[in-house]
Each structure stands twice: as structure tokens, then as C-alpha cells.
1. Enumerate the lysines that residue 107 could reach by cross-link, defined here as Cα to Cα under 21 Å, with residues fewer than 8 away along the same chain left out.
2. Taking the Cα centre of the chain as the origin, how large is its charge dipole in debye, to the nearest 20, when only Lys and Arg (+1) and Asp and Glu (-1) carry charge on their Cβ atoms?
3. Considering every pair of different Cα atoms, what Kirkwood radius, in Å, is found for the range 122-277?
4. Would you work out which of 138, 202, 158 lies farthest towards the positive end of the dipole of the range 127-216? Charges go on Cβ: Lys and Arg +1, Asp and Glu -1.
5. Any idea what log10 I(q)/I(0) is at q = 0.24 Å⁻¹ for the range 126-210, Debye with uniform C-alpha scatterers and no solvent?
6. In Å and on Cα atoms, what radius of gyration and Dmax does the chain show?
7. Out of 2, 44, 72, whose Cα points farthest toward the positive end of the dipole of the range 1-134 (charges: +1 Lys, Arg; -1 Asp, Glu; placed on Cβ)?
8. Would you mind getting me the FRET efficiency between residue 64 and residue 236? Use the beta-carbon distance for r and R0 = 25 Å, nearest 0.05.
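Where a number appears in this text, it was derived from the coordinates with a stated rule and is not lab data. Quick caveat: nothing in here was measured; it's all calculated off a predicted structure. No Cβ is skipped: glycine too gets one built from the backbone with ideal geometry, and neighbour counts run over all protein chains shown.
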Amino acid sequence: RPPVTIPQLRKLYKNKTPISMITAHDYISGMLADRAGVDMVLVGDSLAMVSMGHESTSEIDLNDMVYHTRAVSRGVKSSFLIADLPFGSYETSPEQAFDSAVKMIKKGNAQAVKIEGGKELYPTIKKLTDFGIPVVGHIGLTPQRQNALGGFRVQGKTAKSAVELLENALAIQEAGCFIMIIEAVPDKVGSLITEKLSVPTIGIGAGPGTSGQVLVQLDMLGGFDAFVPKFLKRYSNYLETNVNAIKTYSDEVKSHQFPSTEHTYSITDDEFAKFQD
Ligand code: KIV
Ligand code: NA
């Protein structure tokens, strides 16, 4: 599969072919996503929770994200690779965001960075895109601001908040985002914002009317059960399947079923006799 490029993503959008995106957090999850042929792989800071066991995404810093992104990049040969700039690594100034993005690209091997927020990010997104760093926006439920939002809650449920969402979407598009994530909004709001924009939208809990979809890989594989949002569809039973496999192994060790001759090396009788002497 040839590498996915931004012009190809534009073409999918123009042809109304939905764009598929999934998160990854290490080499193997990157490889799974790439082999499955998804268009885009996102190293999301959700990995702080689903893969590192933190309580929130705010607990991961830029160096951690760069480390994970570099690992993912070794497994991703063709999908377009994006990485989140984590909480605290881009808000101070466009210069801070630029330095963080450069690190993510040079050391993490990401092709684009994602930042959460709306019109307040206008100068930041403009600075990055002016210097050739592709930026993915993220509006609606922005988990880095969960303390201010009062938790993981649906956004844009009132006309006033939906208008604000649209204004933010238009502002970050104007600033130069080539694509944007819309998280946890009513389906009609996700569709209308998508219609008003000229860049693709990728929904997570934003209904079927966005230009594409994204899910957190460990969530959709059934590998994380601390919190199950309404928008999540589970495609596998990662926890159950793998706990059972490890339990069978442990039982077989205790009952001397493992290892059998099939999984054992041998030595010739002749050599062994000499060894005994
Ligand atoms: O961190 C993440 O996984 C994300 C996606 C849910 C969009 O930001
Ligand atoms: Na994120």
C-alpha cells in the first residue's frame, strides 16, 4: 500500500468517501492499524488513560507523547500519522506550540499534530501551518479541558453552544487546519458543521454525517472497561480473550501440560551420554 498523503485525503473528501482513523499507542497497535489499512493513525493522548492507566489525559507530557509516537511510527508504513500535542505543550504561545510540534515531527516522526480548541488557537494554528506543519483541529468535547467542562459530557446540545461550535470550526479552518475532529456532539450538529466547512471532519460520537470516523483502538477492541461512552462500538473482546489465554497458559504450567515435546528442544542420545560422563 502506498503512503497516504494529504492530497489523497482531500480526494476521499471530495468524493464523499468516508475517511477512517484509529488511535495507536505503541509499535504493535500502530502495526495493527496499518495492516488493517486505515487512512489515518492518531497517537492520541487518550493513551495516558487506556494504555498507561492514568486518570486523565492531562497527566502525560510532551516527551512521553514523542516517545509513544516514535514507537507507533515504526509500525506504520502507509497510514497518515498524526500525534496529539498534550495539555501544557502549546497553550502559552504560538512559539511554544511551534517548538512542541517540531519536536513531535523530528523526534516522533509524526506527519501532523493535533491540538484541542477553537478560535483562541487562531494565531497558533496559523503559525504552524504557515511554516508547513499540518494541523488537525479538535472541537466539541475536548478532554484536556475536562475540569472546565465538568467531565466527559456531550457538547453543542443547545442552539447557543452549537453556534459557538460552528464559529470555532470556521475559525480553525480559516487559521489553516486541514482536517478537524468533532467529539461528542448531536448527530445533526455534526452534520451541519460538516456541511458548512470545506475541510473534512472526523467524528467521534458526532453521528454518521461527518467526513470520517475515529475511535480509540483499545476502546473499540474491548481493551479498556473503566468507562464506556455511548458512541463506542466494540469490535473485539480484547480483555476477555487475552485473560482467558493467559489463564490457560498458567493452568497448563501448573498441570505439566506445557511445555510438551512439540515445544521442546532435544539432544542426540550420543551427545547426551558424553555430556553425562
Ligand atoms: O486522544 C485521543 O484518542 C483523541 C481521539 C479520541 C480523537 O483525541
Ligand atoms: Na486526544
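1. Output for residue 107: 77, 127.
2. The dipole of the chain has a size of about 1340 debye.
3. Hydrodynamic radius (Kirkwood, Cα only) of the range 122-277 equals 19.6 Å.
4. 158
5. One equal scatterer on each Cα of the range 126-210 leads to -1.15.
6. In order Rg, Dmax, the Cα atoms of the chain give 22.5, 88 Å.
7. 2
8. Between residue 64 and residue 236 the formula returns 0.45.
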